[in-house]
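In what follows, a single structure is set out as structure tokens and then discussed.
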Amino acid sequence: ETAFGLTDDILGALAYAHKHGVIHRDIKPANIMVTSNGITKLTDFGIARSATEDRITQANMAVGSLHYMSPEQIRSNIVDERSDLYSLGVTLYEMLTGRLPVEGTTAYSVMHAHLTTTPPTPAELVPGLSKEISNVVMKALAKTPEERFTSAEAFQSALRDALFGADLPATATVAMQSGAPLIRGADLEQVEARLATAIGPIAKNLVAKAARQHSTVSALCAQLVEQIPDPAERATFLSSFGLGSGLKRP
């Protein structure tokens, strides 16, 4: 569950970045952080260097990143959003199986594996993992961009469908897991839009997560308001739903 939650959060961040023309190019576990209150953050946009990492001198690339690089990066081709999806696919594969999909003892062998080796599917390595989830991961790891998901949103939708089924709207599927009555999709969208004005695009994933635990808008807002650092913006958020600033979290 943790692996899927983190991946969903990062896909939300990538969808926002890609929409604004930004490609990360260095998706890997070291660039994914979780705050003390459970917010997932994607860091180091634009290739970041670390003095503690060994490097490939000629290409000036960190060896630690090499295991997560897309085939088109290995070839020094022009990359687009689908390169980030490949790197996130590597990260998800590692979280699910405990091993990397490409391995090697030298930089060359790792690069060669990215270009030529098809790894075992996650379902082959993890008993009980569904074929549907495994297929999503393997699609993200396709060798050519054309075979991968066309966007972060498509990857996110496919992963959610594999986890929860395709019959419910994306904003409501996670709420189904708690067994609580579903908050109306229109209400969830309104909460998301209001929260986004205060904290940005991370609101989408925070609302989806919190919806697992609540069946009323007031209870949902009582939890989400804690993510807003500015007191005035907190009050504005609550008043949007007819709630007072003294609202207690259930």
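Ignoring ligands, DNA and RNA, please state the percent of accessible area on the range 1-44 from carbon and sulfur, probe 1.4 Å.
Details: 1150 of 2080 Å².
Carbon and sulfur atoms account for 55 percent of the accessible area of the range 1-44.
Which lysines have a Cα less than 25 Å from the Cα of K143, not counting those fewer than 8 places away in the same chain?
Within the straight-line cut-off, K143 pairs with K19, K28, K131.
Leaving ligands, DNA and RNA out of it, rank D8, D161 by accessible area with a 1.4 Å probe, largest first. Numbers along the way, then the final one.
Numbers: D8 20, D161 65 Å².
So the residues, ranked largest to smallest area, are D161, D8.
So how much slack lies between E103 and L125, counting 0.36 nm per residue of separation and subtracting their Cα-Cα distance, in nm? Spell out each step's value before the answer.
Details: separation 22, 0.36 × 22 = 7.92 nm, distance 1.54 nm.
Here the answer is 6.4 nm.
Once you have the Cα-Cα distance between A186 and L115, take 0.36 nm times their residue separation minus that, and quote the gain in nm to one decimal.
21.1 nm
The values are calculated or read from the model by the stated rules, or taken from the named source; none is laboratory data. Computed from a predicted structure; not experimentally measured. Remember, those area values only see protein heavy atoms, side chains included, never the ligands or the DNA or RNA. Shrake-Rupley method; radii C 1.70, N 1.55, O 1.52, S 1.80 Å.
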